[in-house]
Amino acid sequence: ILFSRVAIIGLGLLGSSLARAMRMQHMCETIVGFDQNSQHMEYCQKEAITDVCAGSAAEAVSGCDLVVL
């Protein structure tokens, strides 16, 4: 595990693919996601792509070791 907490801002094709790859490679303990499109966040929660979906970008990055925009 390289990172304790990772924030991914933007959960479209690129962001969700990155989250899946990080999860498959066990690169982090917790993946926090945020997207302005609530459907993207709902999908990522339902498919367990992210551990947490934040209410804002500022909330998502709080306490993170790595932030991906």
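The values are calculated or read from the model by the stated rules, or taken from the named source; none is laboratory data. Keep in mind it's a predicted model, so treat the numbers as computed, not measured. Reconstructed Cβ throughout: ideal geometry from the backbone, glycine too, with neighbour counts over all protein chains shown. In case anyone asks, the SASA skips ligands and DNA or RNA and just uses the protein heavy atoms, side chains included. Shrake-Rupley method; radii C 1.70, N 1.55, O 1.52, S 1.80 Å.
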- Message: Please pick out the residue among 8, 49 that is in contact (Cβ under 8 Å) with a residue 24 or more places away in the chain and part of a strand (DSSP E or B).
- Response: 8
- Message: If I filter segment 1-55 down to residues being under 15 Å from residue 67 (Cα atoms) and aromatic (Phe, Trp, Tyr), which single residue comes out as farthest from the chain's Cα centre (by Cα)?
- Response: 3
- Could you run through segment 19-38 and say how many residues are within 16 Å of residue 9 (Cβ to Cβ) and of a type outside the set (D, E, K, R)? 11
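Determine whether residue 36 is polar (S, T, N, Q), part of a loop (DSSP other than H, G, I, E, B) and surrounded by fewer than 21 Cβ atoms within 10 Å (Cβ to Cβ). Lay out the reasoning, then the answer.
Working: polar (S, T, N, Q): yes; part of a loop (DSSP other than H, G, I, E, B): yes; surrounded by fewer than 21 Cβ atoms within 10 Å (Cβ to Cβ): yes.
Criteria met by residue 36.
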- Message: If I ask for residues that are open to solvent by 60 Å² or more (accessible area, probe 1.4 Å) and part of a helix (DSSP H, G or I), which ones from segment 52-69 would you list?
- Response: 58, 59
